[in-house]
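Remarks on the structure that follows.
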Amino acid sequence: MKLHDYFPQRDLPFKLIGRNATNATGQLAKIPVEPLFFAILLLFSPGVLPQLSAQQSSSLELHLMVGQSDAVWIERDYSMPILESGDISSGASPTFEFQLRHAMPLSGNWRWVNGLAFGVDSYKINLFLDKDFNRFGPGYSENYIDASIFHFALLTAIRYDQSFNEKNGFWVQLGLQASYFVRSYVGLGVGVLSNGGPNEQLFDAEWTINDANDIAFAPEIQLAYRRTLGQSRWRLFLGTSVVVSRFESAQGTFQIFGDNEVRSGTLQKRWLKAGLNFGAQYALARP
């Protein structure tokens, strides 16, 4: 049986006759069917196709970023007290981000990286009350951390990936995040139970997360060391990541209640964070 017997002759614009064929005008033309078929088969066989190394192949990556975000900016409607009789302050607070990325080789050591991210940010308020300001606050000092700021992001970046040897290497990456902070309202209240009387409120803050429903853009800088596990496709990496932006992810107001006065002001939380970045990388071709 010839190879051309597998083709239904009625569906072709010509009739196959061995290596000869008649076209619509009835003229004979030689068509090398079998050599062409085997050439295509040989070209796409696994043994002939060039195999990408792990360094040259694309990869999937799972990142976890653990760090700290910028302190809350406080604008007071009252003069800063010389002594901390009744005031608030802020400091750096924890932040976390999970990322799923795909790195694709471009040329040489250069990679194009794209991905998705989900992050959780927090804010920190330090409250201090003195008995001269509030009778319930003789040296009252407390720190409050609230992780109520959530965001989703799209990521794109250019990476330079350099190997030291077969197992070890590093990369430097410059990218851009487009993030949406989930719009929500958050409240923080502090009070005390008085003896036989109603609750006495000491402090109150109200936040709005992404009040304008904006998309925030921010540059991201990343530096990481990587190591291949044995002869497998897996790599582990550890590095640092920094995101810098003036975007205000949250805005709010606060009040501090004293015996004879109420102090107030505004709060702003900017999208600025830095921390450790670690995870695993899976090469989509065997090394």
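The values are calculated or read from the model by the stated rules, or taken from the named source; none is laboratory data. Source: prediction; values computed, not measured. Counting neighbours? That spans all protein chains shown, and the Cβs are built from the backbone with ideal geometry, glycine included. Heavy atoms of the whole protein, side chains included, go into the accessibility calculation; ligands, DNA and RNA do not. Shrake-Rupley method; radii C 1.70, N 1.55, O 1.52, S 1.80 Å.
See the values below:
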read-out	value
Separation of the ASP146 and LEU116 label points, Cα + 7 Å toward Cβ, nm	2.9 nm
Relative contact order [Cα under 8 Å, 6+ residues apart], segment 187-277, whole percent	27 percent
Pairwise label distance in nanometres, LEU174 with GLN231, each label 7 Å out on the Cα-Cβ vector	4.0 nm
Neighbourhood net charge (10 Å Cβ-Cβ; Lys/Arg +1, Asp/Glu -1) for TRP171	+2
Average accessible surface area per residue within segment 108-219, 1.4 Å rolling probe, Å²	51 Å²
From phi via Karplus (6.51, -1.76, 1.60), per-residue ³J(HN,Hα) for segment 267-272 in Hz, x at Gly/Pro	10, 9, 10, 9, 8, 9
Gain upon complete extension [MET104, LEU223; 0.36 nm per residue less C-alpha separation]	41.1 nm
Dipole magnitude (debye, nearest 20) for segment 100-194, charges at Cβ of Lys, Arg, Asp, Glu	240 debye
Fully extended contour minus Cα-Cα distance, from TYR78 to GLN162, at 0.36 nm per residue	24.8 nm
Calculated FRET efficiency for the pair VAL182/LEU238, C-beta based, R₀ 41 Å, to 0.05	0.90
Overall form of segment 140-184 per C-alpha gyration tensor (a/c, 1.5; a/b vs b/c)	oblate
Relative contact order %, segment 133-249, counting alpha carbon pairs below 8 Å whose residues are six or more apart	24 percent
Spacing of the two label points (7 Å from each Cα toward its C-beta) at ARG246 and LEU276, in nm	3.3 nm
For segment 165-287, size of Cβ-based charge dipole, Lys and Arg +1, Asp and Glu -1, in debye	1180 debye
